[in-house]
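None of the figures in this text is laboratory data; all of them are computed from the coordinates on show. Because the structure is predicted, anything quoted here is derived from the model rather than measured. Here the Cβ positions follow ideal geometry from the backbone for every residue, glycine too, while neighbour counts run over all protein chains shown.
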Amino acid sequence: MAKVLMKGNEAIGEGAVRAGCRYFFGYPITPQSELPHYLAKRLPEVGGVYLQSESETAAINMVYGAAGAGARVMTSSSGPGISLMQEGISYLAGAELPCVIVNMIRGGPGLGNIAPAQSDYFQATRGGGHGDYRVIVLAPASVQEIIDLMRLAFDLADRYRNPVMVAGDGILGQMMEPVELGEEEDVQIPPRPWAATGRMGGEKKLINSLYIVPEELEQHNLKLARKYALIASKEQRWEEYRLDGARLVLVAFGTVARICKAVVDRCREEGLAVGLIRPITLWPYPQKAFEPLMGKVDSFLVVEMSLGQMVEDVRLAVNGRHPVHFYGRCGGMLPVAADVVQEVKKLYGGEGN
Amino acid sequence: MKKVFTRPRSLKDIPTHYCPGCTHGIVHRLVAEVIDELEIFDRTIGVAPVGCSVFAYNYFDCDMFQASHGRAPAVATGIKRVLPDRVVFTYQGDGDLAAIGTGEIVHAAARGEKFTVIFINNAIYAMTGGQMAPTTLLGQKTTTTPYGRDKDINGYPVKISEMLSVLDGTAYVARVSVHDPAHVIKARKAIKRAFEVQLAGLGFSLVEVLSACPTNWGLSPAEALKWLAENMIPYYPLGEYKKPAEVG
Amino acid sequence: MYEAILIAGFGGQGVLSTGQLLAYAGMLEGKHVSWIPSYGPEMRGGTANCGVTISDSPISSPVVSEPTSLIVMNRPSLEKFEESVVPGGLLLVNSSLIDIKATRKDIRVYYIPANELAEELGDARVAGNVILGALLELTGVVSLDAVEKSLREVLPAHRHKLIPLNRRALETGAALVRRSTAVRAG
């Protein structure tokens, strides 16, 4: 099948539709606008509903209603809007409802700006709202991967009855790359016996996150913890790039991982043994990617569009066995390949490694 | 022997947590009776709020959602958009609907969402300990207006039925009271009309029910009903603020 | 083959669509491509730019921070981006709107009066394609035919009548840099 040239934001929309998503609730915010524009046209074509909400707070609660009623549903926003959604995401996690939330991360804190950033990493991976919960977080790095991961996002949400966040940035949303869409398949959405769709002669169903008796809430928390442990053991995903014989390993996700691939190529051309780990799941964090490298590499260099957030997860994975360095740009500035190469050269084979 | 009074099918046979003299029980019963009468029990989905009626999901025997504070109209929107042939209602108090959830209720009404809202106005936050609500009357003492609500500090009570009835998306808006049997019967009629409006697909429907909170008002149940009639009804006039030609 | 092309100018000069056309043509030729814009308030009336990468092998970074070729359609873009071109790279200057010269001596610079040439062709809006034609001639990054084919695919049918004009614009730019070394400096 012929490739088509698509913007990342549009690919999110098309990927969602092809994953069987028929409901979108959202509030406008830059830099994800092409996604609602696309779905406002596309969803009615497939008998779905696109609804612009009065706020991000309302949007996430509409998602809660639609998910509880058994739909494959999504919303999308960026930084400030995602912050507003956090209470709702906590409810979704507590009530164990599947849904997909897209965050095209922009610069913060506060109104920040609309330029690309990765500074919502903590918020995404630590459970940005209240209470003990986890959200599965996927970080695509190309327009093609967006299409593939949107399907995975909805499947994981259903499999674990858990919210899944797709974390990108303004660059990923705005850039165009050719994608192979493949044949549109008839997606079978798994049965949802728990959904509150009206009793229709059956048992009463309840969508709820309130457990007023402490013993009961503790049991619920422990049940969620078992689920999160299962996800952590089964769903770690990452890409390895030129790790063969690497002495210095870059770690980066999303757009920054693309820049780091160029860094790796350039370093290899100059004879420096540099490789890259690109986490695809930010939660669960791909700790398994690091184990085979222990004792075989000199050090790690984490590159992010933030002041250093994922670097903490790398340090947890490495657990003191190798130095973990950090290089970041923030405020919407991109790490430039040449600067990262400089940083690599500073560290490569140097003191402290 | 003919049974003349029984528990509605749509209510569970369990004790509620409501205080003596609280009128939530009456309103629950009216909603349940209407669901029974319209024979929509099997396809009705309710949304409970945060507040005293948070446990409404335990009392109504239909499928239920528990929503975050103020967001029941957004949750109901999501449900109804996915399941347009089901009957959806929210049950919300005045803190939930008229303070934190003002945005959601106004926009659900403006969109003409085809669900029914039961709005309990008892002029106080009850579950959290008797604080001032957006509907608290001027001069009314609460735990956060110990000297009485002062317009210069707290502004004026919010009249939801009047506000929402001017929106084009609303099809039926009524304010009723449950302080005596005659008014309870009228309240039941209004609730039934609201559900009928939804069933006819005419748009958004809301019934505001003036309700008593003896515990937080510091009155006996009988005094509370009298206080409601003498103080709330003059500020919150009863009646149908909007109704489509097709009903009543 | 690896070309990282930065196209910069005022919003409304067709900078983004020229880049998209180029990316589309690369895709039609079976190459790896990416297109990445500047976005936000700066694209509304201010300066706009986009980076297009076209390569025989998978593109690692789509971010064009060190272009192999730079097209500047206005003066602020020349001042902002000239330094970023890789040594030995190519700089195409729209001399209709830019009255200063490039300062770099380690890159190839061509001055192309794109707006004048476009007006001679009858439509100032094809200035972007005049300069794109020059880029194709100098780099061979994609063929002129692939660009024409792309136009056929991206333009709605009722605008296909504009294709011959765009083709002439591409050919004009190509011919200019082919026959004349006078436009070259640096």
TODO: Report the trypsin sites (Lys or Arg not before Pro) located in the range A:1-89 that are in a DSSP loop and have at most 16 other Cβ atoms inside 10 Å of their Cβ, or state none.
DONE: A:Lys3
Open item on the list: Can you compute the modelled spin-label distance between A:Phe122 and A:Met200, with each label point 7 Å from Cα toward Cβ, in nm?
Closed with: 4.5 nm
- [ ] Give the residues of the range A:42-81 whose amide nitrogen is closer than 20 Å to a point set 7 Å from the Cα of B:Thr128 in the direction of its Cβ.
- [x] A:57-58, A:61
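Express as a percent, rounded to the nearest 5, the fraction of DSSP beta bridges in chain C (both residues included) that run antiparallel. Provide the component values of the computation, followed by the final result.
Details: 17 of 30 bridges.
Bridges in chain C that DSSP calls antiparallel: roughly 55 percent.
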Open item on the list: If you average the C-alpha positions of the range A:17-71 and of the range C:60-74 separately, how far apart do those two centres end up, in angstrom?
Closed with: 35 Å
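Taking the Cβ of each residue in B:Met1, C:Met1, B:Met132 as the centre, tally the other Cβ atoms inside 10 Å and list the residues starting with the fewest.
Ranked by crowding around the Cβ, least crowded first: B:Met1, C:Met1, B:Met132.
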TODO: Give the angle, between 0 and 90 degrees and rounded to the nearest 10, that separates the Cα long axis of helix A:337-347 from the longest principal axis of the Cα atoms of chain A.
DONE: 60 degrees
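Return the FRET efficiency for the residue pair C:Val86, A:Gln52: r is the Cβ-Cβ distance, R0 is 51 Å, and the value is rounded to the nearest 0.05. Show your work: numbers first, answer last.
Numbers: r = 45 Å, r/R0 = 0.88.
My answer for the efficiency is 0.70.
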Task: Sorted by Cβ neighbour density within 10 Å, fewest at the top, the residues A:Met305, B:Met163, B:Met232 - done: B:Met163, B:Met232, A:Met305
Open item on the list: To test your reading of the geometry: what angle, between 0 and 90 degrees and rounded to tens, separates the Cα axis of helix A:56-68 from the longest principal axis of chain A?
Closed with: 60 degrees
TODO: Among DSSP beta bridges whose residues both lie in chain A, state the antiparallel percentage, nearest 5.
DONE: 25 percent
Open item on the list: Connecting C-alpha atoms closer than 10 Å in a GNM of chain C, tell me which of C:Leu90, C:Leu21, C:Leu121 has the biggest fluctuation.
Closed with: C:Leu121
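Cβ under 12 Å from B:His179's Cβ, B:His179 left aside: what net charge do those residues give with Lys, Arg +1 and Asp, Glu -1?
Working: positive: B:Lys186, B:Lys226; negative: B:Asp180, B:Glu223, B:Glu230.
Summing Lys/Arg as +1 and Asp/Glu as -1 gives -1.
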Task: Loop-located GluC sites (Glu not before Pro) in the range A:102-190, at most 14 other Cβ atoms within 10 Å (DSSP) - done: A:Glu180, A:Glu183, A:Glu184, A:Glu185
Task: Between helix A:8-18 and chain A: long-axis angle, C-alpha atoms, 0 to 90°, nearest 10 - done: 40 degrees
Task: the protein assembly as shown: antiparallel DSSP beta bridges as a percent of all, rounded to 5 - done: 30 percent
- [ ] Between C:Arg178 and A:Glu180, take the C-beta separation as r, use R0 = 35 Å, and let me know the FRET efficiency to the nearest 0.05.
- [x] 0.45
- [ ] Would you order A:Tyr211, A:Tyr27 from fewest to most other beta-carbon atoms within 10 Å of each residue's own beta-carbon?
- [x] A:Tyr211, A:Tyr27
